[in-house]
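Nothing in this text is a laboratory measurement; each read-out follows from the coordinates by a stated rule. What you are looking at is a predicted structure, and each value in this text was computed from that prediction instead of being measured.
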Amino acid sequence: MSKIIVENTEITVLNIDNRDYICLTDMAGAKENDARAADVIKNWLRNRYTIEFLGTWETIHNPDFKVVEFDHFRKEAGLPTFVLSCSEWVEKTKAIGIVVKKGRYGGTYAHKDIAFEFGSAISVSFKLYLIEEFQRLKEQELQQIGWSAKRELAKINYRIHTDAIKQNLIPPKLTAKQKSFVYADEADMLNVAMFGMTAKEWREQNPLLKGNIRDYASINQLICLSNMENLNAVFINDNISQSERLEKLNKIAIQQMNILEDVEGRKLFIESSKP
């Protein structure tokens, strides 16, 4: 579940069956108060153009859509006596573009294509701002996916790194405490090479922050850390001492961060230079 703000109105966005559905009930609240939101949706649904739009959308996206029932509603739409609720529309036609939910996050939701169309019933400006805010939400989600992927890459490489420690640094018959010390020592060695401090030192300097030092790393730092973990595994296999590895990795970290930051700076310069 996500939230977007459109003209001071908070609107819920749900992912249902890998499709984005936007809350029409929240949107209707921007035109009328919450008590009359259902009336706004009902009046929109009575419109002949709305029924034709919904029917066309379902025909394209829903193989189980009942066209005969849709045709019946289309013939009656627009007449003074025609009344149709979202629940009845879904039940009679087996529509998937509109979903009526009860309980927590209850309300009437519609696929983004339909929700954008419903935005016209609020106002032209509301529809345009809705599309803009929804696109902004999707861009933020893509950025988060990219960050998470890099975080997972760092975790995977750390597993490779710890496997190398087990094979080369841990002699047989070590106690569990001793094994733990070796792992922590290597992890802190990488932290010192990358961040200039151990995990404990970071926690002491940032007592109000949750998580660990790597949770607050930049994307470039995570990329560099991922490379360092791979290199450290290679150095361990080559029986290079920890002190020598620390010195090598610190030099590599400085070099790679300079390159990555320089690339990022040039990218920003190019973007800012575009007309």
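At a glance:
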read-out	value
Rounded, prolate or oblate (a/c below 1.5 giving rounded, otherwise prolate when a/b exceeds b/c) for segment 2-122 by Cα gyration tensor	oblate
Computed lengthening from Glu204 to Asn43, 0.36 nm per intervening residue step minus Cα-Cα distance	51.9 nm
Under Karplus coefficients 6.51, -1.76 and 1.60, residue-wise ³J(HN,Hα) of segment 92-105 in Hz, glycine/proline x	6, 9, 6, 5, 10, x, 10, 10, 9, 10, 10, x, 5, 6
